[in-house]
Amino acid sequence: MISKCLFPVAGYGTRFLPATKAMPKEMMPIVNKPLIQYGVQEAMDAGMRQIAFVTGRSKRAIEDHFDRTYELEEQISGTKAEENLLEIRQLMQSCTFSYTRQVQMKGLGDAIRTGETLIGDQPFGVILADDLCIGEGKPVLSQMVEIFAKYQCSIVAVEEVPREETEKYGIISGKQLEEGLFIVESMIEKPPAHESPSNHAIIGRYILTPDIFDNLRNLPPGRNGEIQITDALNVQAKKKMVIGYQFKGRRFDCGSLEGFVAATNYFFTQMKPDPPINR
Ligand code: UTP
């Protein structure tokens, strides 16, 4: 039903400098797999096989990751190490990958607007790969596809965060529709605790209807001088066309050092006693 998923990956990743000076943040590995691969796997599991990246300068490693590496693959052909490539090969066979560049890093909203040329006039998923999600029962984007099928409007994944952390997120306010679902009335970007209407924070999973592009086009810069996706979503929220979904599962904020280390520990523990294959 939703065939395309957009990955805005143009951000500078300043919290991970110097690691991200020449390398995309999304290529940082959680154990032996880059963050972006977890994200693309989640999109594919949700039935979105047309993968669209909004990239920027020094992000070429992402394109190379979803392409053949002939010399290397020939070298390891027939060895045990080849098994480590099974998952990425399956993604490459099942999905298509297209790319466009955000020229100036003017914010997440601007990155999503830049992706219009790859998405066109249809609902689409958005994954911020530095939010690594483990769905309970099924992956988080698959959970959201089910909500979309019922309500046919934009869906934002939300998580309850401690009050003192509201200023790191877009925060929703709204009315509960059913267990774990809210009709969003408004969103506010990174409010300090005392101004925050709730502790329901938007995390890096969205399903957006394509009218979001019109809203983004007409938007002035918002908080921090950036084009904010929450401002464009607010236009939809006024028409009661945004749902906040408290997803089932767990999220690691791998854009922060703490979240990155926690995710690494979690995945390494999960993978024992079967760590990546050595020759
Ligand atoms: P972040 O707020 O995490 O920014 O962006 P960042 O640049 O990646 O990281 P820090 O804060 O400097 O460490 C959220 C998502 O939006 C994308 C990022 O790539 C990330 O996936 N983004 C952000 C863009 O694609 N373009 C932008 O102009 C801003």
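Check region 181-279 and count each lysine pair with an alpha-carbon distance under 26 angstrom, considering only pairs eight or more places apart or from different chains.
Step by step, the pairs that qualify in region 181-279 add up to 6.
For the chain, report the accessible area per residue in Å² (1.4 Å probe, heavy atoms, rounded to an integer). Present the calculation step by step, with values, prior to reporting the outcome.
Values: 13630 Å² over 279 residues.
Result: 49 Å² per residue.
Using a 1.4 Å probe on the protein heavy atoms only, what accessible surface does Ser196 show? Give it in Å² to the nearest 10.
Counting only protein heavy atoms, Ser196 exposes about 10 Å² to solvent.
If packing is taken as the mean number of other Cβ atoms within 10 Å per residue, what is the order of 8-21, 30-43, 109-122, highest first?
The densest-packed peptide leads the list: 30-43, 109-122, 8-21.
Going from most exposed to least, what order do His194, His200 have by accessible area with a 1.4 Å probe?
Highest to lowest solvent-accessible surface, that is His194, His200.
Relative to the longest principal axis of the C-alpha atoms of the chain, give the angle of the C-alpha long axis of helix 257-271, reported between 0 and 90° and rounded to the nearest 10°.
Computed tilt is about 50 degrees.
Nearest 500 deg cm²/dmol is fine: what mean residue ellipticity at 222 nm does the chain get from its DSSP H runs of n ≥ 4 alone, each adding -39,500 (n - 2.57), divided by its residue count? Before the final figure, lay out each step's value.
Details: 10 runs with 87 residues, N = 279.
About -8500 deg cm²/dmol.
Which of the listed residues, Ile155, Ile212, Ser173, is farthest toward the dipole's positive end in the chain, when Lys, Arg count +1 and Asp, Glu count -1 at the beta-carbon?
Of the candidates, Ile212 comes out farthest on the positive side.
Can you work out the PRE-style zone for Ser3? Point 7 Å along Cα to Cβ, and I want the residues of region 51-90 with backbone N under 18 Å.
Only 51-53 fall inside the zone, counting backbone N under 18 Å.
Relative to the first principal axis of the alpha-carbon coordinates of the chain, what is the inclination of helix 140-151, with its axis defined by its Cα atoms, in degrees from 0 to 90 and to the nearest 10?
40 degrees
Could you check which residue among Gln102, Gln143, Gln93 shows the biggest mean-square fluctuation in a GNM of the chain with a 10 Å Cα cutoff?
Gln93
Of the DSSP beta bridges with both residues in the chain, give the percent that are antiparallel, rounding to the nearest 5.
60 percent
Just to verify a number: FRET efficiency for Asp214 and Glu71, C-beta to C-beta distance, R0 = 51 Å, to 0.05?
Taking R0 as 51 Å, the efficiency between Asp214 and Glu71 is 0.65.
Would any residue of region 38-72 have its amide N under 12 Å from a label point 7 Å out along Cα→Cβ of Met92? List them or say none.
Answer for this model: 63-72.
Mind giving me the FRET efficiency for Thr79 and Lys272? R0 is 25 Å, r the Cβ-Cβ distance, nearest 0.05 is fine.
On the way: r = 23 Å, r/R0 = 0.91.
For R0 = 25 Å, the calculated efficiency reads 0.65.
If each residue of separation counts as 0.36 nm, what is the full-extension length gain between Leu177 and Ala193 once their alpha-carbon separation is subtracted?
That works out to 3.3 nm of additional length.
Using alpha carbons only, how many degrees (0 to 90, rounded to 10) separate the axis of helix 35-45 from the longest principal axis of the chain?
80 degrees
Ranked highest first by average number of other Cβ atoms within 10 Å, how do 144-153, 79-88, 240-249 line up?
Result, highest mean Cβ count within 10 Å first: 240-249, 144-153, 79-88.
With a 1.4 Å probe and all protein chains left in place, how much of the accessible area of the chain comes from carbon and sulfur atoms, in whole percent?
Result for the chain: 50 percent of the exposed heavy-atom area is carbon or sulfur.
The values are calculated or read from the model by the stated rules, or taken from the named source; none is laboratory data. Because the structure is predicted, anything quoted here is derived from the model rather than measured. Don't worry about glycine lacking a Cβ; one is built from the backbone with ideal geometry, like all the others, and counts go over all protein chains shown. Areas reflect the complete protein model, heavy atoms only, side chains present, ligands, DNA and RNA absent. Shrake-Rupley method; radii C 1.70, N 1.55, O 1.52, S 1.80 Å.
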